[in-house]
Structure formats: C-alpha cells, structure tokens
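Here is the structure we will look at, set down as structure tokens.
None of the figures in this text is laboratory data; all of them are computed from the coordinates on show. From a predicted model like this one, the values you see are computed outputs, not experimental measurements. Using ideal geometry, Cβ is built from the backbone for each residue, glycine included, and neighbour counts are taken over all protein chains shown.
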Amino acid sequence: MLFLFKISLLVKKFNYIIIGAGIAGFKAAEAIRQHDDESSLLLINGEEHKPYKRTKINKRLLEGIDVEQLVLANAEFYENRQITLMQDVVTNINLNSKTLLTERKRKFAWDKLIITTGSHSRQPVLKGNGKRDVHFLRKAEDVEELLRDLKSTEKIIVGGGGVQGIEIVDQLLKLGKQVTLVHNGMQLMNRQLDRLMASRVQQLMEQRGVSIICNENIMGISKTSNDKFLVKIGDIIQQIADMVVFNVGSQPNIDLAKAAGLSTNRGILVNEFLQSSHPDVFAAGDVAEHPGGYISGLWHAAEHQGVVVGNNVAGRKTKYDQKAFRLKMEVFDQYFFSMNIPDNPEKADSILLEKDSKYLRFFFLNNHLNGMLMMNDKENAKKYEQAVREKWDKNKVTSTFGT
C-alpha cells in the first residue's frame, strides 16, 4: 500500500502546459514550437477527439458529422513537433507549487501555464420537468446526440437568434423540419447586424416557413404524456414541440482559474500580453478578459490570441492589439459578413449601398472606416476586411467600392 501511495505522488514536469485544445490552445502550441523546439510541451485536450474546428459542427446537421474531417492537424503534426497531446480534464491548479491535477489522477508541474479552456453554452433558467431534455450544441458529441434524436422529430423550437442559432435553423430546414425560433432581442443577431440586414435575414427565414418570435424568452418546458414537450414562451404563448435546441450565448469557463486564485471577472483577467494575475500563467481565447472588459468570442480572434500567447511564453514578447475580426454566415443560400459594427449602428456615421441582392454598409469613426456590413459580395470579403483593418479614409472607401 505504501508503494502505491508513493506512485500516486509522482509528478511529471513540463516546461509548458496548455489546458484546452481548441483553436487558441492549438495555435499556442504551434507558436511555442516556432520559437522553442527543445523544451517539453503538454497540450491537455478535454475531449476524446483530436482538436477540431468547433465552428463547423452546427453546419453539419444535414450531411452528418465526421470529426476526422474537421481536425486541425493529424497525429504526425504533434509527433513531429514533440507536442504531447493528452486527453484528460484538469480538476485543480496549485499556483504555489505550480502543479495541476487531472480527472485521471495525474499530477504535472509546469514552468509556464496557458489556460485556453474556452466557454460553455449559457444555461437558461427554465421551469418544468422537460428542462433536462433540451439540446445544446457546443461540442462534437452534442451534434452526434442531436442527430440521433432528430430521426424521430418533426417540430423543433430553437432558442436564440444569434449566428449559431440561425445556422442551426438553416440546417434543420434542409432536413425538412418545422421550426420555430425564439429570440430575446427586438431583432435577430442584434450584436452583429443593423435593423435592415436583420430584417432581410428574418424575411428569408419566414419565406421558408420559419415562425419567429422576437423579444421573448422560453420560460418553461414540460413533458407531455405522448413524449412531446409543452414549451412556454413568455407569459402567454405555449407551443407543442418534439425537441428544443438552445443557443443563447456562451460563458467563459473560469471555474478552474477562479478556484486556483487567479483574478477573474466574466473571464480570466489578462494584460496586454495575455498574462494573468500570476506571472507564469497566461490565458487566451474565449476564456480571456482583456483590458476594458473585452472578451472576443470569435474563432479568428481566439486563433490570433493563441499565436500571441505562444510567442509570449516562449520569450518573444508580443502585445495583443485587439484588432477587429470578421464574422461570416452562409445561410439560406446567402452570404453575410459583419465586422466591428458600432453599438448603435442606426445612429452611426455610415454609407449604405444596395444593389440587386447586395447590401453594403460602411461605418466610419473620425472619417475613417471602422466597421462593415455586407451581404452577397463574398468575392470581395477579404478586401472589405483589409479596408476595416487599415482604417481607410472615406474618400478611399468611396473611390474603391463605388459608394
């Protein structure tokens, strides 16, 4: 017994440990190896699948999900770079001893620690005995479970009118389902679109038979005697459905960091170098809260932060500049693009151009391009992104894009 006790206390040391193998963690490992190919590096993956492109999963309901087609790299990538990829879940971080424990009773020590634990689906407050049977789409396993249950469904209620909720509706329609969308805002995608483009999206959905209820919340879900769900929407509306799918935002996974004693607010508080309140602990991606309270929530922003944090822990000091990234959505045979739009787009200095099915709206700050909305001009998307990043002046925007 004494021998077994000693074995359990063995600690393996790594120069770098990354907790979380989403895009931020993956890019951090890649960046470290670009500057340091000798130090030991452990990437802890909390899922059974190899790291994959999470943003694709809710777009694969029609064709089915094959995670191998979505992986960020094959096994040789990790082997060639001497990145130890391990499937486990970290349960405790000790900042004093610079060690961590995992679900499988492993203990590791680190010189530098990067936390890229991402976020989880926001859990709505619900009443009723059906609330445990709702679906959330955050991981590949969630999609696999949803696809199994979809075989016996016809009427589906989707909670949440953000980009992922609308992408889910698009896929459900292609599967021949009858869909109701419930959104708590006055307009769809209220954080990414102006009123006019949001109305375009809503019109496209309604033309395809989607029932849309805005400015309401799903309040309760009760099971019926015939295995359906009675869904209470707001104070008055009730509907029967075969399934309820939620996508009402996300929350950073800060419990591990908070329990360890790191400074947190909505996310893990980091400085401009993505360093936390502990000098040897860094955070990146959806879990990181930057100066000014900024949390990105975008795939490409997490990807960029992964590179920056990898540079920093490897000794290549790099500031995170919080540059803008675009959001794209391809639904209902249309292409939508949103990048850094102002909080109140209706009152912003802007130029609007509509022609045929195209929609362009340029947002200016101090006479320089600061944000952009676009519909159905995919071939010029990179040019629009460049213009926003470089903050073109109004004259250059108008002469280049014919506004």
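Some points to look at:
- Nearest-20 debye value, region 255-337 charge dipole, Cβ charges on Lys, Arg, Asp, Glu: 260 debye
- Cross-link check: pairs 328/394; 151/228; 131/228; 131/223; 139/174; 127/232 evaluated at a Cα-Cα cut-off of 19 Å; pairs beyond the cut-off: 328/394; 139/174.
- Pairs over the 31 Å Cα-Cα cut-off, from the set 112/378; 59/317; 50/258; 155/258: 112/378; 59/317; 155/258.
- Near residue 288, once Lys and Arg are set to +1 and Asp and Glu to -1 for all other residues with Cβ below 12 Å from its Cβ, the sum equals -2.
- Within straight-line cross-link reach of residue 105, aspartates and glutamates at Cα separation under 20 Å, skipping those fewer than 8 residues along the same chain: 47, 48, 88, 255
- Selection from 275, 369, 307 lying farthest towards where the dipole of the chain points positive, charges on Cβ: 275
- Within the chain, DSSP assigns beta bridges of which about 55% are antiparallel (rounded to the nearest 5).
- Selected from 23, 82, 93, residue furthest toward positive end of dipole (region 12-111; charges at beta carbon): 93
- Take 44-50, 66-72 and order them by the average number of nearby Cβ atoms within 10 Å per residue, most first; the result is 44-50, 66-72.
- Dipole axis of the chain (+1 Lys, Arg; -1 Asp, Glu on Cβ), positive-most option in 381, 118, 162: 118
- Each residue of region 342-355 was assigned a 3J(HN,Hα) from its phi angle through the Karplus expression (A = 6.51, B = -1.76, C = 1.60, θ = phi - 60°), giving x, 4, 10, x, 5, 9, 7, 6, 8, 10, 10, 10, 10, 8 Hz with x at Gly and Pro.
- Region 78-95 and region 165-231 have Cα centres spaced 39 Å apart.
- For Rg and Dmax of the Cα atoms in Å, the candidate list reads (i) 23.0, 79; (ii) 21.0, 65; (iii) 22.0, 72; the entry that matches the value derived from this model is (i).
- Isotropic mean projected area of the C-alpha convex hull, region 248-351 (nm²): 8.9 nm²
- Gained length - residue 71 relative to residue 378, 0.36 nm times residue gap less alpha-carbon distance: 108.0 nm
- Peptides 350-357, 314-321 ranked from most to least packed, by the mean per-residue count of other Cβ atoms within 10 Å: 314-321, 350-357.
- The aspartates and glutamates within cross-link reach of residue 358, meaning a Cα-to-Cα straight distance under 18 Å and a gap of 8 or more places when in the same chain, are 194, 330, 333, 377, 379, 385.
- Here the chain is assigned +1 on the Cβ of each Lys and Arg and -1 on the Cβ of each Asp and Glu. Its dipole about the Cα centre then comes out at about 520 debye.
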